[in-house]
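For reference, the structure is listed below as structure tokens.
The values are calculated or read from the model by the stated rules, or taken from the named source; none is laboratory data. From a predicted model like this one, the values you see are computed outputs, not experimental measurements. In this analysis, Cβ positions are derived from the backbone assuming ideal geometry, glycine residues included, and neighbour counts consider all displayed protein chains.
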Ligand code: HEC
């Protein structure tokens, strides 16, 4: 028994000594090196096999001249497809909101009003109506269920098409931002629907300074529908 204890102590000490001598910088053999040492590629960097003198390339990247960043999938919609720019107002929240209140016209092309209103209504019903209600009275299904409260009737708020746009983009008090759900052009279309349907305001009139050439809207409106 004593002998066995001695063996155990000696072999443990031996293992510890050897282990502490090994060079961790140069391990003799590494299984799955790409899991051990993950390779961080920069976007658009040429993809190379990082270990040793290998001649093989990475097939996925070979189709695109070795670029690591993949091309957008077909059908990807550009951030600013319809070239309607976001509101140009001060960055600070209150200053931005106040400035947006002065904006009474959308930059959408008035010639597309019918299509813009239809799209605005559709997106409003999908994005906003759960809280604000399809008639804008603040009594959406989520409010009626009792799960959420404090949604105003649009009639009780001083709003303009600019401020609705601003609130969609930045949120207001307990309402969060919907910029992640709606592209700038669609924010205007939803705001247009809110103003014309619930405030009975014709806010579709002529462009403000943030517009791109007017013809571009028609094409993309129809494209996105
Ligand atoms: C999760 C519920 C919810 C959703 C969804 C929602 N809102 Fe709101 N919204 C609120 C609440 C709550 C307020 C009141 C905020 C406050 O106290 O000022 C509000 C306020 C507003 C106001 C008035 C802000 C002001 O200037 O007084 C507008 C305009 C508005 N929302 C538009 C929208 C639009 C457009 C959408 C869809 C893109 C939307 N909301 C989606 C909850 C919601």
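Would you point out the residue of region 171-187, among those that are modelled with pLDDT under 95 and more than 8 Å from the ligand (Cβ to nearest atom), that is surrounded by the most Cβ atoms within 10 Å (Cβ to Cβ)?
185
Quick one: residue 142 ticks every box in (1) in contact with a helix residue (DSSP H, G or I) (Cβ under 7 Å, 6 or more places away or on another chain); (2) surrounded by fewer than 18 Cβ atoms within 10 Å (Cβ to Cβ); (3) assigned to a loop (DSSP other than H, G, I, E, B) bar one, so which box is it?
(3)
Taking the conditions exactly as written (out of contact with any strand residue (DSSP E or B) (no Cβ under 8 Å at 6 or more places or on another chain) and either over 15 Å from residue 190 (Cβ atoms) or within 13 Å of the ligand (Cβ to nearest atom) (or both)), does residue 82 satisfy them or not?
The answer is no for residue 82.
Which of the numbered conditions does residue 124 fail, given that it passes all the others? Conditions: (1) more than 10 Å from the ligand (Cβ to nearest atom); (2) outside any loop (DSSP other than H, G, I, E, B).
That leaves (1) as the condition not met.
Can you tell me which residue within region 101-121, out of those that are within 12 Å of the ligand (Cβ to nearest atom) and surrounded by fewer than 23 Cβ atoms within 10 Å (Cβ to Cβ), is nearest to residue 190 (Cα to Cα)?
First, the residues of region 101-121 that are within 12 Å of the ligand (Cβ to nearest atom): 101, 120-121.
Filter again for surrounded by fewer than 23 Cβ atoms within 10 Å (Cβ to Cβ), leaving 101, 121.
Details: 101: 16, 121: 6 Å.
Among those residues, the one meeting the criterion is 121.
Look at residue 90 and say whether it is at pLDDT below 95 and under 23 Å from residue 172 (Cβ atoms).
Working: at pLDDT below 95: yes; under 23 Å from residue 172 (Cβ atoms): yes.
Yes: the conditions hold for residue 90.
Within the bounds of region 111-121, is there any residue that is assigned to a loop (DSSP other than H, G, I, E, B) and more than 18 Å from the chain's Cα centre (by Cα)? Don't jump to the end; show me each part of the working.
Filtering region 111-121 down to residues assigned to a loop (DSSP other than H, G, I, E, B) leaves none.
No, that holds for no residue.
Residue by residue through region 156-170, note down the ones that are more than 9 Å from the ligand (Cβ to nearest atom) and buried (at least 23 other Cβ atoms within 10 Å of the Cβ).
The answer is 161, 162.
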